[in-house]
Amino acid sequence: MADDKDVLRDVWFGRIPTCFTLNPDEVTEREAEAYYLLLPRVSYLPVVTDKVKKHFLKVMRAEDVEEMWFEYEGTPLKWHYPIGVLFDLHASNTVLPWNITVHFKNFPDQDLLHCPSNSIVEAHFMSSIKEADALKHKSQVVNDMQKKDHKQLWMGLQNDKFDQFWAMNRKLMEYPTEDGGFRYIPFRIYQTLSDRPFIQKLFRPVSPDCNAHTLGDLLKEMYPDALTNDGERKRYQVLIHGIEPLLETPLQWLSEHLSHPDNFLHICVVPGDLFHRSPY
């Protein structure tokens, strides 16, 4: 891959200032103070919220505690989506800090998957990496890795170790020069105003006549409503890691540099021309 380590590092260390407050309906022995945390965009809520749980358990009785889950303005937050995707999808127009409500009862089974331990997050994460590599390399790279290599990817993410993660992830970002890119680009397009979880289809980084496909080319085929015609008012903002990449940006470059650790390019299409926000 093109070595642009500053971009990779900026993406990895993107943080969202967040305020966690306990749902007022929870039974507590004394008032629960809010808890503030800088959430890593590239991680998952269960991985980085142990401190949040410990903070609120101090004011609760054990018999009043069930599985912890999170909600923003009435929307349960899917733990298996990266944190940055959750923010861009639901709260990209909010004033920081991001206000998340913490629950310990009434788990919304119809909206969320249960997550009793981080081993569930690890299994989901590795499944996504394997799916991405099936698209990029017919699974050849991930299958050539040993179990300890898979563990290094997970531990790098879990412990927020950039160098540890990228020492192994770099292999997943390589391709033969003559190919001009991956076999297919692993991507997911999320829409705020849709019951469909996301759009995910096969899309090559290079056209049949060997031209590099761009972000605009992908959106034109997968979600043309996200694009604005000349003279039209901008109806949607297309966000990756909280920023709006130029539509002319080559898709292969985006996949190498702005994919999440699960190796997918997560693209959020949200209504309106929202003010520009940096992820850092």
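The values are calculated or read from the model by the stated rules, or taken from the named source; none is laboratory data. All values reported here derive from a predicted model rather than from experimental measurement. Using ideal geometry, Cβ is built from the backbone for each residue, glycine included, and neighbour counts are taken over all protein chains shown. These area figures cover heavy atoms from the full protein model, side chains too; ligands, DNA and RNA do not enter into them. Shrake-Rupley method; radii C 1.70, N 1.55, O 1.52, S 1.80 Å.
Annotations
- Placing +1 on each Lys and Arg Cβ and -1 on each Asp and Glu Cβ, with no other charges, gives the chain a dipole about its Cα centre of roughly 480 debye.
- Accessible surface for the stretch 178-271, divided over its residues, is 47 Å² per residue with a 1.4 Å probe.
- Under 5 Å between amide hydrogens, built in the peptide plane, is the criterion, and for residue 99 it picks out 19 among residues at least 5 positions away or on other chains.
- Helical content of the chain, expressed as a calculated mean residue ellipticity at 222 nm, amounts to -9500 deg cm²/dmol (DSSP H runs of 4 or more residues, -39,500 (n - 2.57) each, divided by residue number, nearest 500).
- Counting only the Cα atoms, the stretch 178-271 fills a convex hull of 104 Å³ per residue.
- If the chain linking residue 15 and residue 151 were pulled fully straight, counting 0.36 nm for each residue of separation and taking away their Cα-Cα distance, it would gain 46.6 nm.
- Accessible carbon and sulfur surface of the stretch 178-271 relative to its total accessible area, %, 1.4 Å: 50 percent
- The stretch 117-174: C-alpha gyration tensor shape, a/c 1.5 cut-off, then a/b vs b/c: oblate
- Antiparallel bridges, percent of DSSP beta bridges restricted to the chain (to nearest 5): 65 percent
- The charge dipole of the stretch 16-103, taken about its Cα centre with unit charges on the Cβ of Lys, Arg, Asp and Glu (plus for the first two, minus for the last two), comes to roughly 420 debye.
- Residues listed by number, the stretch 46-78, amide nitrogen under 15 Å from residue 110 label point at 7 Å toward C-beta: 75-76
- Kyte-Doolittle mean at least -1.0, axial Cα span of 18 Å or more - DSSP H helices of the chain: 118-137
- With an a/c value of 1.5 or above and a/b not larger than b/c for the gyration tensor axes a ≥ b ≥ c computed over the alpha-carbon atoms, the stretch 27-128 is described as oblate.
- Over 22 Å between alpha carbons, listed pairs 105/130; 78/105; 54/105; 5/201: 105/130; 5/201
- Taken per residue, the accessible surface of the stretch 117-174 reaches 48 Å², heavy atoms only and a 1.4 Å probe.
- By the compact-protein rule of thumb, 2.2 N^0.38 Å, the alpha-carbon radius of gyration of the stretch 153-209 corresponds to a ratio of 1.54.
- Averaging Cα coordinates gives a centre for the stretch 165-227 and one for the stretch 14-79; these two points are 34 Å apart.
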